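**Q** Sharing a structure, written as structure tokens. Questions coming.
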Amino acid sequence: MSNPSFSNIDRWLFELMEGNLSEEQVAQLEVFLIRHPELDVERDLWELSKVDNEQPVYPHADKLTRRRPVGLFMSMGMASIAGIIALGTVMYWPSADEQSTSVYTSQTESPKTTDKVDVQTAVAQDVKLTETMAESAMFTVQEFIPQGSQNHVGVESTDKSSVEKVSSEKIHTIESPNDLTIEKSTLLSSSLQPIEQSTVTVLMNQEEEKPLSTEKNTEVVSMVEKSQVTENVIQDVTMNETVAEQEVKTSTSTTPRAIQAHSVYKETFSSKLRQVGRAVSRMLDNPVALKNLKDPHYHLPGMQPTEVNFGAVGTLLATRVQTMSRLQWVGQSNQQLMNSVSVDGYSYAMRGGLGLVLSHSQYADGGIQNIHSSFTYSPKFSVSRNVIVEPSFRFTMGNKNIDPTKIQSGSMVEMERLNPHQFYAVGQMPIGRSLWYRDLGLGLSVNTRWFYASVQGDNLLKHADNIYSSNLSDIRRSGQHFIATIGTDYETRRENFGASPYLVYQQYETLKEAWLGVNLRYHWITVGGAISSQLDPAVSLGIKFNRFMLAYNADLTHSEVFGKQFLSHQLTIRILTKPSRMGQRLLNL
């Protein structure tokens, strides 16, 4: 390195600041600067330009690593599995033995009264059967006995008076199963004995006087056989009833009343659960009220029908593909481009509607980008032909990406309408560029023949939304988004004119507004308009067919950053496929 001079003094001073000069070179430079004091200013500037290499120590380094809520996800998954198992158990639990249930019930409530009623009924039936058989046998014997021999035969002793006497003695209150056995045995002996005596008398007369014809003998013998068969059947019935009564007595004597009452309670509770399960299954299997088609078009900026009402997925009984493109606050520094596509339909296997929404929004020419997807499931419970209840569950997952070179620190950002945020403090820079998030939403919708109404909440878990600051000690979380909707559809009998008024209220952080609007249709031409509580007007014009819909929206929406309204444009296209077989069956009901 040559000696210091005016031509290379900058190099000498740079090497001095970096500490690359030896002791001899430093002494040589000091001598040159003493000889030329006008260079002291250059030396001071080089000293000011030097920056010490210090290692920064971040006070919250332990918070840079975020723990995943694995326990929360596992708990939610286990709860979902338990709910599915419980629902399947209620809907498909095997029915209990009705005979054992009736026995337990009769024992618990009034065993004596029930036994009396059953026994009296059985005895009355047996008496009636015996009377019929006795009368038949008596008349048969009278028919084939020769004239003038009736007194000798003794048929007069087997007339109806004896049978009526037996019957009147048997039909009374029986106090115990033992009485049943005694009375039935007496009944058999008293009712069948005249038949046997008459038959024997006839056979004796055949030997003494004159034989009867072969046909008559055959009929008499068959009558005797029938009476014997009847006696055997009645004895079997009596024996079976006696065995059943003994079993009931045994179970009653060995089983405490507390256990019997507990078993009856269990059976009653399980039967109620099965009834509820069958009712829910019927409502899910036959969603006939889905034919109350409610197909509104909302003028809310940047929102599709399935986002305004989660329960709207699957209500058209066909696959619906809908796209939405919006250019918000045209020509301003906070201009935003939004695009989304949604697909939804009704699945009979899932007993409800399924919907998927994919969205992308770009703010300030790519300064902030938000990409997210939402999956919605809405089961359909048909309360009647005119009322259907539609709960809904929504899961959202997305990513926000920032580019600090396109947004100045300290400037106001309005990614969501009427929700401005400061983009970092002046002089601060982001410590990251990408943020993943996920959240849940719930909703409930009632769709009737006359109107529809819904209420829902999104971002219920308040996911982290810390893209506007690097402060990890106080992480910003997203606010919950609530929407309530009510509306109706009117259509003439010729279906050439329709009107669809609606009212929507939403609240999201500092955004609190209501929209009142209406859509009119004449044949295939549609026009509409709406106004918000912020006095933001919106108009629409489009066409609508059975399988295709196109609508253009223009609105003047308020910007909180600039404090005034700006023009925005929105285009919506919808394609509807042919209804499925299930949908066609419901629509034709």
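The values are calculated or read from the model by the stated rules, or taken from the named source; none is laboratory data. Note that the structure is a prediction, hence the values are computed from the model and not measured. Note: ideal-geometry Cβ built from the backbone for every residue, glycine included; neighbour counts use all protein chains shown.
**Q** For region 349-398, enumerate the residues that are more than 20 Å from ARG320 (Cα to Cα), surrounded by fewer than 20 Cβ atoms within 10 Å (Cβ to Cβ) and aromatic (Phe, Trp, Tyr).
**A** Residue satisfying the conditions is PHE381 alone.
**Q** Could you check how many residues of region 350-368 are touching a Leu at 6+ places or on another chain (Cβ under 9 Å) and without any contact (Cβ under 8 Å) to a residue 24 or more places away in the chain?
**A** So the count comes out to 1.
**Q** With respect to ASN459, determine if the residue is in contact with a helix residue (DSSP H, G or I) (Cβ under 9 Å, 6 or more places away or on another chain), buried (at least 18 other Cβ atoms within 10 Å of the Cβ) and not hydrophobic (A, V, I, L, M, F, W, C).
**A** Here the answer is no, as ASN459 does not meet what is asked.
**Q** Let me ask another. Starting from residues that are of a type in the set (Gly, Ala, Ser) and at pLDDT 90 or above, keep the ones in region 384-399 and report whichever is farthest from ASN309 (Cα to Cα).
**A** It comes out as GLY398.
**Q** Quick check on PHE73: is it outside the structural domain of ALA464 (by TED's automatic domain parsing), surrounded by 10 or more Cβ atoms within 10 Å (Cβ to Cβ) and modelled with pLDDT of 80 or more?
**A** Against the criterion (outside the structural domain of ALA464 (by TED's automatic domain parsing), surrounded by 10 or more Cβ atoms within 10 Å (Cβ to Cβ) and modelled with pLDDT of 80 or more), PHE73 does not qualify.
**Q** Another question about this same structure. VAL330 is checked against (1) over 20 Å from GLN565 (Cα atoms); (2) in the same structural domain as GLN456 (by TED's automatic domain parsing) and fails just one. What number does that condition carry?
**A** (1)
**Q** Sticking with this structure for a sec: Tally the residues that are aromatic (Phe, Trp, Tyr) and assigned to a loop (DSSP other than H, G, I, E, B), restricting the search to region 301-359.
**A** Within region 301-359, residues that are aromatic (Phe, Trp, Tyr) and assigned to a loop (DSSP other than H, G, I, E, B) number 2.
**Q** Moving on. Among the residues of region 502-523, which ones are hydroxyl-bearing (Ser, Thr, Tyr) and exposed (fewer than 15 other Cβ atoms within 10 Å of the Cβ)?
**A** Hits for region 502-523 are THR510, TYR522.
**Q** Another question about this same structure. Just to be sure I understand the filter: pairs with C-beta atoms under 8 Å, separated by 6 or more residues or on different chains, first member in region 369-383 and in contact (Cβ under 8 Å) with a residue 24 or more places away in the chain and assigned by TED's automatic domain parsing to the domain that holds THR396, second member assigned to a loop (DSSP other than H, G, I, E, B) and hydrophobic (A, V, I, L, M, F, W, C). Which pairs pass?
**A** THR376/VAL313; TYR377/VAL313; TYR377/MET350; SER378/VAL313; PRO379/MET350
**Q** On to the next question. Here are THR572, THR526, THR557: which of them is hydroxyl-bearing (Ser, Thr, Tyr), out of contact with any Gly (no Cβ under 9 Å at 6 or more places or on another chain) and surrounded by 15 or more Cβ atoms within 10 Å (Cβ to Cβ)?
**A** The match here is THR557.
**Q** Hey, another quick one. Going through region 287-338 one residue at a time, which ones are in contact with an Asp or Glu (Cβ under 6 Å, 6 or more places away or on another chain), β-branched (Val, Ile, Thr) and over 23 Å from PRO579 (Cβ atoms)?
**A** If the condition is that a residue be in contact with an Asp or Glu (Cβ under 6 Å, 6 or more places away or on another chain), β-branched (Val, Ile, Thr) and over 23 Å from PRO579 (Cβ atoms), then no residue fits.
**Q** Further question on the same structure: From VAL561, VAL504, which residue is touching a helix residue (DSSP H, G or I) at 6+ places or on another chain (Cβ under 8 Å), in contact (Cβ under 8 Å) with a residue 60 or more places away in the chain and not hydroxyl-bearing (Ser, Thr, Tyr)?
**A** Just a single option satisfies the conditions, and that option is VAL504.
**Q** Does ILE402 qualify as being over 24 Å from VAL308 (Cβ atoms), crowded, with 20+ Cβ neighbours inside 10 Å and touching a Gly at 6+ places or on another chain (Cβ under 6 Å)?
**A** When the stated conditions are applied, ILE402 does not pass them.
**Q** Mind listing just one residue for me: the one in region 278-329 that is of a type in the set (S, T, N, Q) and crowded, with 23+ Cβ neighbours inside 10 Å and, of those, modelled with the lowest pLDDT?
**A** Ranking the qualifying residues of region 278-329, first place goes to THR315.
**Q** Assuming VAL41 fulfils every condition listed in (1) modelled with pLDDT of 80 or more; (2) exposed (fewer than 13 other Cβ atoms within 10 Å of the Cβ) apart from one, which condition is it?
**A** (1)
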